[in-house]
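The values are calculated or read from the model by the stated rules, or taken from the named source; none is laboratory data. For clarity, every value in this text was computed on a predicted model and none was experimentally measured. We place every Cβ from the backbone using ideal geometry, glycine too, and count neighbours over all the protein chains shown.
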Amino acid sequence: MSKMLKVNDQVYHELDALKVGHQTFSDVIKELLAARLKTFEFINMLEGQLKYREWQQQELSKLHQDQRR
């Protein structure tokens, strides 16, 4: 099923510039959405690693403090 979207001229030209070969605007938008999802997944992974590192540093600090007592 098709739906019509209205975009301004600048967006139209930017999407048109991204088209390769016989790609449709739907193909371009689908690729952009997939790239956006992968970017968010990557950011979430990095955020998780940073939180783990922070937790790890806190635990190591606790161990060092306990060893000094």
Exercise for the section: For Ser61, state whether it is surrounded by 10 or more Cβ atoms within 10 Å (Cβ to Cβ) and either at pLDDT 95 or above or closer than 27 Å to Met1 by Cβ (or both). Expected result: no
Problem - Pair list, Cβ under 9 Å, 6 or more apart: segment 1-15 residue of a type outside the set (A, V, I, L, M), other residue part of a helix (DSSP H, G or I) - result: Ser2/Ser26; Tyr12/Phe25
Fill in the blank from the handout: Within segment 28-69, the residues that are closer than 30 Å to His13 by Cα, of a type in the set (A, V, I, L, M, F, W, C) and out of contact with any Leu (no Cβ under 8 Å at 6 or more places or on another chain) are Leu33, Ala34, Ala35, Leu37, Phe40, Phe42, Ile43
Problem - Members of segment 1-44 that are in a helix (DSSP H, G or I) and among the aliphatic types (A, V, I, L, M) - result: Val11, Leu15, Ala17, Leu18, Val28, Ile29, Leu32, Leu33, Ala34, Ala35, Leu37, Ile43
